[in-house]
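Visitor: Dumping the structure here so I can ask a few things about it.
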Amino acid sequence: MAVRRVSEPEREPEAEGVTPTKTKLMPTGIEGLDEIIGGLPDRSVIVLAGESGSGADVFAQEILYRQAQAGSKVTYFTIERPPADIREEMTLYGMNVIPLEKEGRWTFIDAYTPRHEKSTPRTGPLTVLRQELFARLSQSKEPQWSTVDTLSYLLLGYEVKDAVDIVEILIRLTRQHGGIHFLLFNPLLHDNKATSILHHFADGVIEFRMRERTREIIRVMRIKKMRKTFYGVRVIPFSLTARGIMVETAMRIA
């Protein structure tokens, strides 16, 4: 009986002069997390979605802090709280940014204070964002990392289209200059349509959830979406400690 050989499927010829590139994963510096996921894709804009107390803000702060310690430039755009409050909160998790500020590796852009001081000419946070953060990122000669704390505040005072514009401009800047940019977002403050729109345009979405169990709060981060890479582990339990975020050893693959 004759045996018919099945040939392998033909592959598309690669375009001449085109070499496939592998996305560079940047370390988070969070203990245990890089061993699990390998890092976050460079040149990305990532939404960190979570209610107050979920740990989304600490996640962004710790990653930026570790990057600044390693020599990167960091910009923290704050709308809801003054920089002094953020500095104080970060010390609770073992992060002191004052030396980094003195060295020029950590910069706060304060869009909170001008809204509450009568002696200061009032400038809307969206204008400050465009004039200061975007200018800083576009003029930098080296990759910058940043966070917007929070995008939810802007959504409450402006249209969804304005928030989408922010995401699109950040994506363009990070493609040109590198770095990773976080957008803090509280989904409980917005309808499903606004949430879905932001998730659609961002490069990545990491959700932070918490629930009570007996006398403790259980926190998990869920990588809902991430362009340019694939993560086998999608749901990662963690806790907040005096050393920052501590990833739990027991993990669930989703």
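Visitor: Would you tally the residues in the range 86-142 being on the phi > 0 side of the Ramachandran plot and in contact with a Gly (Cβ under 7 Å, 6 or more places away or on another chain)? Can you show your working first?
Guide: The initial filter retains those residues of the range 86-142 that are on the phi > 0 side of the Ramachandran plot, namely 94, 104.
Adding the requirement that they be in contact with a Gly (Cβ under 7 Å, 6 or more places away or on another chain) leaves 94.
The total comes to 1.
Visitor: Count, please, the residues in the range 31-41 that happen to be at pLDDT below 95 and part of a loop (DSSP other than H, G, I, E, B).
Guide: Here the count works out to 3.
Visitor: Another question about this same structure. Just give me the residues in the range 135-162 being part of a loop (DSSP other than H, G, I, E, B) and either under 23 Å from Ala84 (Cβ atoms) or over 17 Å from the mean Cα position of the chain (by Cα) (or both), in sequence order.
Guide: Scanning the range 135-162 gives Ser140, Lys141, Glu142, Thr150, Tyr158, Glu159.
Visitor: Please indicate, with yes or no, whether at least one residue in the range 57-68 is surrounded by fewer than 21 Cβ atoms within 10 Å (Cβ to Cβ), at pLDDT 95 or above and either over 12 Å from the mean Cα position of the chain (by Cα) or of a type in the set (A, V, I, L, M) (or both).
Guide: First, the residues of the range 57-68 that are surrounded by fewer than 21 Cβ atoms within 10 Å (Cβ to Cβ): 66.
The next check asks that each one be at pLDDT 95 or above; those that pass are 66.
Filter again for either over 12 Å from the mean Cα position of the chain (by Cα) or of a type in the set (A, V, I, L, M) (or both), leaving 66.
The answer is yes; a qualifying residue exists.
Visitor: Also, I was wondering about something else. So how many residues does the range 1-30 have that are at pLDDT below 50 and closer than 30 Å to Ile197 by Cβ? Steps first, answer last, please.
Guide: Taking the range 1-30 and keeping what is at pLDDT below 50, we get 1-20.
After this cut, where a residue has to be closer than 30 Å to Ile197 by Cβ as well, the list is none.
So the count comes out to 0.
Visitor: Filter the range 47-56 down to residues that are β-branched (Val, Ile, Thr) and surrounded by fewer than 24 Cβ atoms within 10 Å (Cβ to Cβ), then give me how many there are.
Guide: Filtering the range 47-56 for residues β-branched (Val, Ile, Thr) gives 47.
From the residues that got through so far, the ones that are surrounded by fewer than 24 Cβ atoms within 10 Å (Cβ to Cβ) too are none.
Residues that pass the stated criteria total 0.
Visitor: So which residues in the range 83-103 are surrounded by 14 or more Cβ atoms within 10 Å (Cβ to Cβ) and farther than 14 Å from Gly244 by Cβ?
Guide: Applying the first criterion (surrounded by 14 or more Cβ atoms within 10 Å (Cβ to Cβ)) to the range 83-103 yields 83, 86-87, 89-90, 93, 95, 97, 100-101.
Selection gives Pro83, Ile86, Arg87, Leu100, Glu101.
Visitor: In addition: Filter the range 108-134 for residues that are under 19 Å from the mean Cα position of the chain (by Cα), over 23 Å from Pro187 (Cα atoms) and of a type in the set (A, V, I, L, M, F, W, C) and give the result.
Guide: Residues satisfying the conditions are Phe108, Ile109, Leu133, Phe134.
Visitor: Right, here's the next one. If you take the residues in the range 104-119 that are assigned to a loop (DSSP other than H, G, I, E, B) and not charged (D, E, K, R), which one is surrounded by the fewest Cβ atoms within 10 Å (Cβ to Cβ)? If you could, list the steps in order and put the result at the bottom.
Guide: Step one: filter the range 104-119 for residues assigned to a loop (DSSP other than H, G, I, E, B), giving 104-105, 111-112, 116-119.
From what is left, the residues that are not charged (D, E, K, R) are 104, 111-112, 116, 119.
Values: Gly104: 9, Ala111: 24, Tyr112: 22, His116: 9, Ser119: 5.
Out of the qualifying residues, it is Ser119.
Visitor: With the condition kept exactly as written, say whether any residue in the range 42-51 is part of a helix (DSSP H, G or I), touching a residue at least 12 places away in the same chain (Cβ under 8 Å) and touching a Gly at 6+ places or on another chain (Cβ under 7 Å).
Guide: Of the range 42-51, the ones part of a helix (DSSP H, G or I) are none.
No, every residue in the range 42-51 fails to be part of a helix (DSSP H, G or I), touching a residue at least 12 places away in the same chain (Cβ under 8 Å) and touching a Gly at 6+ places or on another chain (Cβ under 7 Å).
Visitor: Something else: I'd like to verify a number: residues in the range 52-92 that are part of a helix (DSSP H, G or I) and not polar (S, T, N, Q), how many?
Guide: The first filter runs over the range 52-92 and keeps only residues part of a helix (DSSP H, G or I), leaving 56-69, 83-91.
When the remaining residues are screened for being not polar (S, T, N, Q), the result is 56-60, 62-66, 68, 83-90.
Number of matching residues: 19.
Visitor: Picking from Thr214, Thr241, Thr174, Thr195, which residue would you name as being within 19 Å of Gly39 (Cβ to Cβ) and among the polar types (S, T, N, Q)?
Guide: Numbers: Thr214 fails: within 19 Å of Gly39 (Cβ to Cβ); Thr241 fails: within 19 Å of Gly39 (Cβ to Cβ); Thr195 fails: within 19 Å of Gly39 (Cβ to Cβ).
Matching residue, one of Thr214, Thr241, Thr174, Thr195: Thr174.
Visitor: Got a number for residues in the range 123-159 being without any contact (Cβ under 8 Å) to a residue 60 or more places away in the chain and of a type in the set (Lys, Arg)? Please lay out each step first, then the result.
Guide: From the range 123-159, those without any contact (Cβ under 8 Å) to a residue 60 or more places away in the chain are 123-135, 138-139, 141, 152, 155-159; that's our starting set.
Remaining after also requiring of a type in the set (Lys, Arg): 130, 141.
Of the residues in the range 123-159, 2 are without any contact (Cβ under 8 Å) to a residue 60 or more places away in the chain and of a type in the set (Lys, Arg).
The values are calculated or read from the model by the stated rules, or taken from the named source; none is laboratory data. None of these values were measured; they are calculated from a predicted model. FYI the Cβ positions are ideal-geometry reconstructions off the backbone, even for glycines, and counts take in every protein chain you see.
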